[in-house]
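Read-outs: derived from the displayed coordinates by stated rules, not from any lab. Every value quoted in this text rests on a predicted model; they were computed, and no experiment measured them. No Cβ is skipped: glycine too gets one built from the backbone with ideal geometry, and neighbour counts run over all protein chains shown.
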Amino acid sequence: MGIMIREIQAKSVLTRSRIPGAAYCVNAYVGCAHACVYCYATFMKRFTGHAEPWGSFVDVKKNAPELLRRNIRRAAKGRVMMSSVTDAYQPLEVKYRISRQCLEVLCEHRFPVDILTKSPLVVRDLDVIRQFEHIDVGITITTDDDRMRKIFEPHAPTVGARIETLRKLREQGVRTYVFIGPVLPMDPERLAESVRRHADAVLISGMNYPSKTAALYRRHGIAEWLDRAYVDEMIERLKSALDGMNITLC
C-alpha cells in the first residue's frame, strides 16, 4: 500500500497531555503508516482534512524540532510522552529524523521522557536515550501470534522484532516497559514468558473500541474475543503468568 506524504509546518508541538503521568505530548507526525485497525487516533482526521483511510497518509511536521526548542523555553519542567496519536518511530522517521531531533532538544533541556513505540527503529537513538537522567521506553506488544498481528496491525513490525527491541534496550541499561494494549488474541502464558525477562513493568489494556474490529473477529473465527468476560479471563491468565512483575491495568 502506498503512503501519501505531506510535509507541513506545525503551529504547536509541545502540547498539554491528559495521559496519566505525562505533562506534555510531542507528536512529530500526523497519521501513522502502521495502519492498526483499532487505533483510537483516527479522530485526528477531523482536524487534518484527510479523506484517505487511516494508515494511508502521514503528515511530517518539518519544523517540529525548531518549534519544540522555542516552546520548551517557556514550559514548566514535566514528563513528555512521545507519542500520543502517532508512532514516533514509524518508517518515515528513517528519512526525516524528526523524532530524533525532538528527543535531542528534550535531552538538552533535561525533560523526563516516556517513549512508546512498536518499532525497532528506536534502538537507533540509543546514543541520545542513554544521555537522559529520566527516560522510559515502552514497546507495544499486543499478542504473541504474528498471524493476529497481520490482521490487526498489518504494517507494524513483527512480534519477534518488538521483543528483540525490548531485549536490546534492556541490555543497554534502559528502563523498559511493555504495553500490552489492546489485548489481542494470544496465548497469555507464551507472551508473558517472552517479555518478562526484558521489562521493568507491564501495562495491560483491553480493546477500548470493539466496534472498529468486530467484523474482523467474526471473519477470522475468533469472535470469543469480543466477549468481555472471556477477555478478562485471558487478562487474569496474563497477570498470573507475569507474577512478581510491576503490573498496571489501564
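Quick look at the values:
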read-out: Nearby lysines by direct alpha-carbon distance to residue 150 (threshold 17 angstrom, same-chain neighbours under 8 apart not counted); value: 118, 212
read-out: Label-zone membership for the stretch 180-203, site residue 146, 7 angstrom Cα→C-beta point, backbone N under 17 Å; value: 186-187, 191, 194-195
read-out: Inter-probe distance in nm under a simple model that places probes 7 Å from Cα toward Cβ, at residue 37 and residue 134; value: 4.0
read-out: Hits among aspartates and glutamates - C-alpha to C-alpha of residue 62 under 12 Å, sequence gap 8 or more where chains match; value: 7, 93
read-out: The stretch 204-250, Cα convex hull volume normalised per residue, Å³; value: 71
read-out: Debye log10 I(q)/I(0) at q = 0.09 Å⁻¹ for the chain, Cα point scatterers; value: -0.38
read-out: Rg to Rh quotient for the stretch 74-219, alpha carbon positions, Kirkwood Rh; value: 0.98
read-out: Calculated SAXS-style log₁₀ I(q)/I(0) at q = 0.09, 0.12, 0.14, 0.18 Å⁻¹ - the stretch 1-133, Debye, Cα scatterers; value: -0.24, -0.43, -0.59, -0.99
read-out: Karplus 3J(HN,Hα) series, Hz, for the stretch 168-179 with 6.51 cos²θ - 1.76 cosθ + 1.60 (x for Gly, Pro); value: 5, 5, 5, 4, 8, x, 7, 6, 10, 9, 10, 9
read-out: For the stretch 205-210, 3J(HN,Hα) per residue [Karplus equation, 6.51 cos²θ - 1.76 cosθ + 1.60, θ = phi - 60°, Hz, x = Gly/Pro]; value: 9, x, 7, 7, 10, x
read-out: 5 angstrom amide H check on residue 179, placed H, neighbours 5+ away; value: 139, 140, 141, 203
read-out: Antiparallel %, DSSP beta bridges [both residues in the chain], to 5; value: 15
read-out: Cα-only radius of gyration and Dmax that characterise the stretch 138-250, units Å; value: 13.7, 43
read-out: Relative exposure of 84, 99, judged by other C-beta atoms within 10 Å (fewest first); value: 84, 99
read-out: log10 of Debye I(q)/I(0), alpha-carbon scatterers only, for the stretch 73-155 at 0.21, 0.23 Å⁻¹; value: -1.00, -1.14
read-out: Extension reserve of the residue 248-residue 226 stretch, reckoned as 0.36 nm per residue once the Cα distance is removed; value: 5.7 nm
read-out: Cβ-derived FRET efficiency at R0 30 Å, residue 172 paired with residue 193, nearest 0.05; value: 0.85
